[in-house]
Amino acid sequence: MKETSLALRRTNPMTYVWPLILGVAFLLAQTLVAAAQSRPDTFADLAEKVSPSVVNITTSTTVATNAQPAPVVPEGSPFEDFFRDFMDRNGPNGQRPRRSQALGSGFVISEDGFIVTNNHVIEGADEILIEFFEGFELEAEIIGTDRNTDLALLKVESDEPLKFVNWGDSEEARVGDWVMAMGNPLGQGFSVSAGIVSARGRALSGSYDDYIQTDAAINRGNSGGPLFNMNGDVIGVNTAILSPNGGSIGIGFAMSSRVAENVIQQLRDFGETRRGWLGVRIQDVTEDLAEGLGLEEARGALVTDVPEGPALDAGMEAGDVILSFDGVDVDDTRGLVRQVGNTEIGKEVRVLVFREGATETLRVTLGRREDEERAVPASINRDDPITREFMGLTVSNMTDELREQLGLPDSAEGLVVADVAEDSEAYEEGLRAGDLITEAGQEKVVSVTELEERIDEAKEAGRKSILLLVRRDGDPRFVALGLDNS
């Protein structure tokens with residue numbers, strides 16, 4: 001029997017090879033099928049899962065209309081009673097305050113009613129109404145806001161636990177990953193769009209920017225809505241678009257959950273942000289600077305000034321290059337600013353600096369950035385010219401006369417666009433005379449002096465563009481303008 005078996009093996013070797021070949025082919029086929037299935041056949045299951053946690057937001061604001069002279073009606077006129085009734089109903093000047101409405105999106109992050117949205121969606125609102133996917137509505141109150149990241153936290157009271165979504169890890173998102181956006185674009189309500197992660201780590205102009213760029217359609221009204229990964233976790237808060245006409249052209253930005261989750265937690269705990277403050281002015285290290293300083297590579301943050309504050313107390317000097325902060329390597333100024341801002345106030349951290357050809361470790365006890373900002377409020381230089389030109393824009397300080405001409409409330413602040421050069425990037429981006437610029441670099445601006453300061457700060461930080469928040473007829477829009485020609 002044994003000899004016969006050996007003879008068969010010699011004469012029929014394929015008897016044992018074919019099963020092996022078939023097994024390999026089967027495994028290869030399974031691998032190919034799995035790769036093909038990485039592209040979702042449908043987003044329906046994901047949309048059905050997360051829809052109850054996504055909300056439409058409607059805000060109402062009372063806008064005082066301009067006072068007009070009361071009509072003069074001759075005594076005894078047949079219209080005298082009519083005009084008297086009209087004036088009684090509409091006030092002494094025949095004008096009633098009007099209600100202005102704005103639309104946005106948001107998402108529920110806890111069963112007890114905490115809701116995340118953008119600051120610009122609810123800023124200045126007298127009333128905030130939340131519409132849920134199931135059809136019911138609840139009024140919301142503002143818990144806290146952060147202008148630097150354009151985030152806001154709201155709260156509603158509900159008799160029943162609300163369905164909510166969880167934060168995901170935006171650091172795990174890869175360029176090319178599928179994502180899904182949900183929100184209230186152009187007031188259409190509960191719309192879904194899908195796309196991919198186009199880029200990560202985008203900075204528009206803010207100090208704490210960490211945007212995910214996506215080609216998932218985002219339009220006006222999507223602001224504050226969630227950007228989901230395929231697990232149904234929120235990896236970004238839809239915030240801004242780049243567009244020549246205000247509509248989606250496939251370049252949208254969502255503030256990463258890496259930043260948003262931390263900000264929202266602070267708003268939830270304290271009602272405000274509490275960011276760490278180092279107390280230095282810095283700039284990026286270029287190849288030329290690195291060579292001049294004797295650094296082996298162009299990285300770190302070059303200290304240009306050390307005003308009174310934590311860094312000065314720790315012995316930091318102008319000309320130092322910060323190479324690491326709290327044990328984390330510093331690649332550039334943007335990374336350092338974000339890291340310092342996310343560090344606990346009052347914490348003593350080790351800061352490794354390069355000074356005169358050698359490294360030195362300093363111990364710095366961080367202060368609070370918000371305290372410093374409040375201690376040195378922005379001031380308006382009344383001697384400055386009222387009108388100035390920036391980046392193809394002619395802008396003017398706000399005046400009572402301009403408020404009246406543009407039909408703006410008495411509380412309206414910002415810079416009025418008086419003219420736009422037709423050959424400028426600003427014109428191509430859709431800015432027009434009569435627009436109102438209320439923020440630059442995600443900081444409030446009320447004078448041409450402040451706008452100039454924001455531009456200078458962006459240049460010093462190595463920014464190639466500055467983000468403007470522009471309002472037209474009450475609708476806000478972010479516009480990024482290049483700084484090369486400013």
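The values are calculated or read from the model by the stated rules, or taken from the named source; none is laboratory data. Quantities reported herein were computed from a predicted structural model and do not represent experimental measurements. All Cβ positions, even for glycine, are placed from backbone atoms using ideal geometry, and neighbour counts span all protein chains on display.
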Subject >> Residue match in segment 232-244 (condition: β-branched (V, I, T), out of contact with any helix residue (DSSP H, G or I) (no Cβ under 7 Å at 6 or more places or on another chain), crowded, with 24+ Cβ neighbours inside 10 Å and part of a loop (DSSP other than H, G, I, E, B)) >> reply: no
Subject >> Test for R84: is it modelled with pLDDT of 90 or more and not in a strand (DSSP E or B) >> reply: no
Original post:
Can you name the residue in segment 302-314 that is touching a Leu at 6+ places or on another chain (Cβ under 9 Å) and not in a loop (DSSP other than H, G, I, E, B) and is also nearest to T365 (Cα to Cα) among such residues?
Top reply: P310
Original post:
Restricting to segment 119-178, what's the tally of residues that are farther than 29 Å from V197 by Cβ, in a loop (DSSP other than H, G, I, E, B) and charged (D, E, K, R)?
Top reply: 5
**OP:** Please state which one of E296, E272, E360, E317 is in a strand (DSSP E or B), out of contact with any helix residue (DSSP H, G or I) (no Cβ under 6 Å at 6 or more places or on another chain) and among the acidic types (D, E).
**Re:** E360
**OP:** Would you be able to tell me the number of residues in segment 421-443 that are in contact (Cβ under 8 Å) with a residue 12 or more places away in the chain and more than 26 Å from the chain's Cα centre (by Cα)?
**Re:** 2
Original post:
Between residues in segment 191-203 that are touching a residue at least 40 places away in the same chain (Cβ under 8 Å) and residues that are among the basic types (K, R), which pairs lie under 7 Å by C-beta distance while being six or more apart or on different chains?
Top reply: A203/R334
Original post:
(1) more than 27 Å from R454 (Cβ to Cβ); (2) in contact with a helix residue (DSSP H, G or I) (Cβ under 9 Å, 6 or more places away or on another chain); (3) modelled with pLDDT under 95: which one isn't true of P185, the others all being true?
Top reply: (2)
Subject >> Which numbered condition F136 misses (of (1) buried (at least 16 other Cβ atoms within 10 Å of the Cβ); (2) out of contact with any Asp or Glu (no Cβ under 9 Å at 6 or more places or on another chain)) >> reply: (1)
**OP:** Determine if segment 154-163 includes at least one residue that is surrounded by 24 or more Cβ atoms within 10 Å (Cβ to Cβ) and within 27 Å of R338 (Cα to Cα).
**Re:** yes
**OP:** Tell me, please, whether a residue that is in the same structural domain as D169 (by TED's automatic domain parsing), of a type in the set (S, T, Y) and either under 30 Å from G187 (Cβ atoms) or within 22 Å of the chain's Cα centre (by Cα) (or both) can be found in segment 322-341.
**Re:** no
Original post:
Does S170 count as among the hydroxyl-bearing types (S, T, Y), surrounded by 22 or more Cβ atoms within 10 Å (Cβ to Cβ) and within 19 Å of the chain's Cα centre (by Cα)?
Top reply: yes
Original post:
When segment 420-474 is examined, which residues are found to be touching a Leu at 6+ places or on another chain (Cβ under 7 Å) and of a type in the set (S, T, Y)?
Top reply: T438, S465
Original post:
Filtering segment 444-469 down to residues that are part of a strand (DSSP E or B) and touching a residue at least 40 places away in the same chain (Cβ under 8 Å), which residue is farthest from E370 (Cα to Cα)?
Top reply: S465
Subject >> Answer from D150, D177 - the residue that is closer than 23 Å to N229 by Cβ and either of a type in the set (S, T, Y) or touching a helix residue (DSSP H, G or I) at 6+ places or on another chain (Cβ under 7 Å) (or both) >> reply: D150
